[in-house]
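Enquirer: Pasting a structure below so you can have a look.
The values are calculated or read from the model by the stated rules, or taken from the named source; none is laboratory data. The structure presented is a predicted model; accordingly, all values stated were derived computationally and were not measured. Here the Cβ is made from the backbone with ideal geometry for all residues, glycine too, and neighbour counts use every protein chain on show.
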Ligand SMILES: Cc1cc2nc3c(=O)[nH]c(=O)nc-3n(C[C@H](O)[C@H](O)[C@H](O)COP(=O)(O)OP(=O)(O)OC[C@H]3O[C@@H](n4cnc5c(N)ncnc54)[C@H](O)[C@@H]3O)c2cc1C
């Protein structure tokens with residue numbers, strides 16, 4: 001069984017981000033990058049399915065050279081090979097354009113299953129998996145928290161709103177967007193890290209895929225710090241100076257002391 | 001030239017969902033700014049309860065799309081049916097609430113119709129004839145403005161509470177049945193059972209004081225400092241989703257869109273960034289104190305008190321001070 005995991009690299013969760021000069025992206029200079037949160041769960045689920053079904057996992061990542069680091073990590077955790085779609089200057093922020101590039105890059109691989117995380121922590125469009133499914137003519141499910149292969153079908157458990165869940169079944173090949181939660185995230189072992197070095201990474205140039213890269217229906221005009229709607233008392237300084245001020249608020253404003 | 005705004009209305013137990021009422025409200029405001037008619041579409045096996053509910057709203061028309069294959073939601077069923085309706089109406093905009101259901105199919109529908117979707121928007125602005133859509137990026141740390149160009153239909157999903165349902169305009173709307181060509185063979189997924197997750201042991205909705213912990217706590221062993229503070233305050237522990245996913249606390253302590261909705265007298269958050277899915281569950285709290293080391297953390301936007309600093313330095317001292325104050 002051939003399984004792909006679409007994996008994105010995003011700024012580390014703990015990074016204090018600043019905007020770049022023209023307000024179109026973040027200032028990447030002092031920022032570290034890591035694998036997107038829900039994509040970790042996607043990778044974990046892909047590896048689980050591969051283990052039980054004699055499968056092979058291909059990591060598919062689009063981005064500039066820095067994403068090689070995330071690819072290496074995913075290979076160290078057990079993925080078998082990777083496709084790096086090189087997009088040096090991250091030309092388009094349009095969700096449809098990005099999905100088209102990925103669909104073009106994976107089309108010829110005939111995957112039985114394409115997994116992605118539910119949404120990325122940068123743009124957060126949450127559309128890539130759904131769009132790739134439609135482009136490749138495959139059925140899909142989102143918000144997936146459990147999977148079970150039954151012959152040429154896959155049964156998935158989906159998260160619904162208000163604490164509810166639903167089971168549905170799809171014919172393979174299919175695309176699934178994975179929600180965070182129920183599987184354990186694998187760690188890279190020393191052996192895994194050693195083996196990762198020998199695993200094949202295919203380089204594909206985004207420019208060579210025949211997709212119109214610039215433009216698209218949506219154009220990102222600017223990114224900015226939101227204007228606050230609520231009045232907030234901001235307390236800064238060392239613990240000894242802020243703690244009495246918090247106590248004062250708990251007593252006199254929140255009235256819980 | 002495409003014309004009009006179509007709102008796809010979601011429902012549960014024969015009632016229109018609040019997020020769809022908000023979407024209609026947003027559509028009415030966009031209509032006022034652009035001079036376009038607003039239509040609503042309901043998909044079900046039997047649409048009557050929802051169309052009746054909507055008929056007293058200010059809408060130009062309600063389309064009832066009834067079909068046995070629409071009794072259960074499926075992405076294929078909704079896409080095939082709505083693509084036919086959209087071809088017939090040819091709207092300039094299609095608006096939906098950014099619900100779990102919308103996440104599942106609207107991007108596919110937009111593509112099928114030759115349009116494109118901007119998801120999870122918090123504002124639509126049509127001043128000067130050009131549409132600007134605003135959405136949160138980097139998990140709420142920043143906002144981004146997008147322009148839309150082209151002749152195709154623009155699909156927009158709106159974040160919960162982007163528009164205030166209390167501002168919905170009343171009126172009277174006619175209902176038109178729209179028959180779709182939809183067969184079992186169009187639908188590739190089989191819907192099986194629906195069930196509720198594990199039952200709750202703690203009811204945070206009843207708590208007066210919640211000390212909520214996030215991934216900023218770094219590791220499970222550090223829970224103790226939060227528990228001590230909660231104990232000193234006489235409160236309960238709540239948590240963000242990643243903390244529950246990692247099993248540090250039970251899933252029943254999760255606050256947010258896929259957890260509990262709480263409104264205590266005091267919500268004191270430690271190392272929680274304030275992603276929208278968390279915030280929707282706690283923004284109704286009477287008083288919010290947030291401790292976070294990132295001055296851009298979005299939790300500060302809704303906090304009464306924003307404490308910018310390291311929780312590991314502040315919390316133990318705060319616990320001692322609370323004990324002394326009691
Ligand atoms: C469909 C869907 C449903 C979801 N439902 C929920 C839900 O119900 N509830 C929920 O919570 N989330 C939910 N999420 C996840 C949500 O989007 C966020 O990922 C999550 O809330 C982030 O949790 P966090 O704030 O604990 O972690 P992070 O976003 O990683 O934030 C950690 C914070 O800790 C701060 N920090 C780190 N170290 C320190 C320190 N020493 N001192 C002070 N501060 C520090 C950092 O600055 C950062 O702001 C959902 C997501 C999706 C897509």
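Enquirer: Restricting the search to segment B:103-142, which residues are facing chain A (nearest Cβ under 10 Å), outside any loop (DSSP other than H, G, I, E, B) and within 16 Å of the ligand (Cβ to nearest atom)?
Expert: Scanning segment B:103-142 gives B:103, B:104, B:105, B:106, B:107, B:119, B:120, B:122, B:135, B:136, B:137, B:142.
Enquirer: Here's a follow-up. Tell me, which helices (runs of 4 or more DSSP H) lie completely within segment A:25-129 with 2 or more residues that are away from the ligand (no atom under 16 Å from the Cβ) and in contact with a helix residue (DSSP H, G or I) (Cβ under 8 Å, 6 or more places away or on another chain)? Quick ask: steps written out before the conclusion?
Expert: On the way: elements: A:37-52, A:68-76, A:95-107.
Fully inside segment A:25-129 and qualifying: A:68-76, A:95-107.
Enquirer: Moving on. For residue A:95, which of the numbered conditions (1) without any contact (Cβ under 8 Å) to a residue 60 or more places away in the chain; (2) under 16 Å from the mean Cα position of the chain (by Cα) fails to hold?
Expert: (1)
Enquirer: Please report, ordered by residue number, the strands (runs of 3 or more DSSP E) entirely within segment A:147-206 with at least 1 residues that are over 19 Å from the mean Cα position of the chain (by Cα) and either in contact (Cβ under 8 Å) with a residue 40 or more places away in the chain or more than 12 Å from every other protein chain (Cβ to nearest Cβ) (or both).
Expert: In segment A:147-206, the matching strands (runs of 3 or more DSSP E) lie at A:153-159, A:201-205.
Enquirer: From the set of residues in segment A:125-138 that are facing chain B (nearest Cβ under 8 Å) and crowded, with 22+ Cβ neighbours inside 10 Å, which is farthest from residue A:2 (Cα to Cα)?
Expert: So in segment A:125-138, the residues facing chain B (nearest Cβ under 8 Å) come out as A:125-127, A:130-131, A:133-135.
Narrowing the set further to residues that are crowded, with 22+ Cβ neighbours inside 10 Å leaves A:125-127, A:130-131, A:133-134.
Values: A:125: 26, A:126: 24, A:127: 22, A:130: 19, A:131: 20, A:133: 16, A:134: 19 Å.
Selected residue: A:125.
Enquirer: Within segment A:235-249, take every residue that is within 39 Å of the chain's Cα centre (by Cα) and facing chain B (nearest Cβ under 7 Å) and give me the one that is nearest to residue B:287 (Cα to Cα).
Expert: Of segment A:235-249, the ones within 39 Å of the chain's Cα centre (by Cα) are A:235-239, A:242-243, A:246.
From the residues that got through so far, the ones that are facing chain B (nearest Cβ under 7 Å) too are A:235-236, A:239, A:242-243, A:246.
Details: A:235: 15, A:236: 19, A:239: 21, A:242: 17, A:243: 17, A:246: 12 Å.
Once the filter is applied, the top-ranked residue is A:246.
Enquirer: Out of segment B:317-326, which residues are farther than 28 Å from residue B:252 by Cβ and more than 7 Å from every other protein chain (Cβ to nearest Cβ)?
Expert: Passing the criteria: B:320, B:324.
Enquirer: Considering B:202, B:211, which residue is at pLDDT 95 or above and away from the ligand (no atom under 11 Å from the Cβ)? Steps first, answer last, please.
Expert: Working: B:202 fails: at pLDDT 95 or above.
From the options B:202, B:211, the qualifying one is B:211.
Enquirer: On to the next question. With the condition kept exactly as written, say whether any residue in segment B:196-206 is loosely packed, with under 14 Cβ neighbours inside 10 Å, without any contact (Cβ under 8 Å) to a residue 40 or more places away in the chain and facing chain A (nearest Cβ under 9 Å).
Expert: Yes; the residues of segment B:196-206 include at least one that is loosely packed, with under 14 Cβ neighbours inside 10 Å, without any contact (Cβ under 8 Å) to a residue 40 or more places away in the chain and facing chain A (nearest Cβ under 9 Å).
Enquirer: Just name the residue that is nearest to the chain's Cα centre (by Cα) out of those in segment A:207-232 that are without any contact (Cβ under 8 Å) to a residue 40 or more places away in the chain and closer than 15 Å to residue A:87 by Cα.
Expert: Top of the filtered list is A:207.
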